[in-house]
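What follows is a set of notes on a single structure, which appears directly below.
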C-alpha cells in the first residue's frame, strides 16, 4: 500500500513539473497479476483464496488486462490526462487488504 502511495505522489509531482514541456505522466496501479513473480502466492491455495476473496471480481488479472489500460494512458485518446493514477485491480482497493497474519503467523513479528 505505501509503495502505491509513493507512486501516486511521484506521478502527481512529475506531472506538475513536466506538463509545461508537453510531457504527460500517469501511472497504473495493478492488483494481483498472473506473472512469474506472483506464482508463490498463486501456488498456495489458501493464500490465493485469501487474495481472491478480497478482489471484487474474484480472480487475478492477466498481463493483458494491465497492458490495455497502460496502452490507453500512453495513447492519443488520453492526450488530456496527466497526473492520474489508474487503479486496475479488479476491485481490490474497495474491498481492503486481506489479513495474511491468519495464514502467516510470523508475518507480523518484529525481527531482532
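The values are calculated or read from the model by the stated rules, or taken from the named source; none is laboratory data. All of these numbers come straight from a predicted model, not from anything done at the bench. With ideal geometry, Cβ positions are generated from the backbone for all residues, glycine too; neighbour counts draw on all protein chains shown.
Miscellaneous remarks
- For segment 11-19, the criterion of being under 20 Å from residue 90 (Cα atoms) and either outside any strand (DSSP E or B) or touching a residue at least 12 places away in the same chain (Cβ under 8 Å) (or both) is met by none of the residues.
- The conditions of being more than 29 Å from residue 103 (Cβ to Cβ), modelled with pLDDT of 95 or more and either within 14 Å of the chain's Cα centre (by Cα) or surrounded by 15 or more Cβ atoms within 10 Å (Cβ to Cβ) (or both) are met by residue 86.
- Note on segment 75-97: residues that are part of a loop (DSSP other than H, G, I, E, B), within 25 Å of residue 18 (Cα to Cα) and touching a residue at least 24 places away in the same chain (Cβ under 8 Å) amount to 5.
- Conditions (1) surrounded by 15 or more Cβ atoms within 10 Å (Cβ to Cβ); (2) at pLDDT 95 or above; number of the one not met by residue 10: (1)
- In segment 22-41, the residues that are under 14 Å from residue 92 (Cβ atoms) reach residues that are assigned to a helix (DSSP H, G or I) and at pLDDT 95 or above with C-beta atoms within less than 7 angstrom, at least six apart or across chains, in these pairs: 28/66; 28/69; 28/70; 28/73; 30/66; 33/63; 33/66.
Let's see how each residue does on (1) at pLDDT 95 or above; (2) assigned to a helix (DSSP H, G or I):
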residue: 3; (1), (2): no, yes
residue: 6; (1), (2): no, yes
residue: 37; (1), (2): no, yes
residue: 48; (1), (2): no, yes
residue: 58; (1), (2): no, no
residue: 65; (1), (2): yes, yes
residue: 70; (1), (2): yes, yes
residue: 73; (1), (2): yes, yes
residue: 106; (1), (2): no, no
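- Filtered by the rule that a residue be modelled with pLDDT of 95 or more, in a loop (DSSP other than H, G, I, E, B) and either at negative phi or surrounded by 12 or more Cβ atoms within 10 Å (Cβ to Cβ) (or both), segment 20-33 gives 23, 24, 25, 26.
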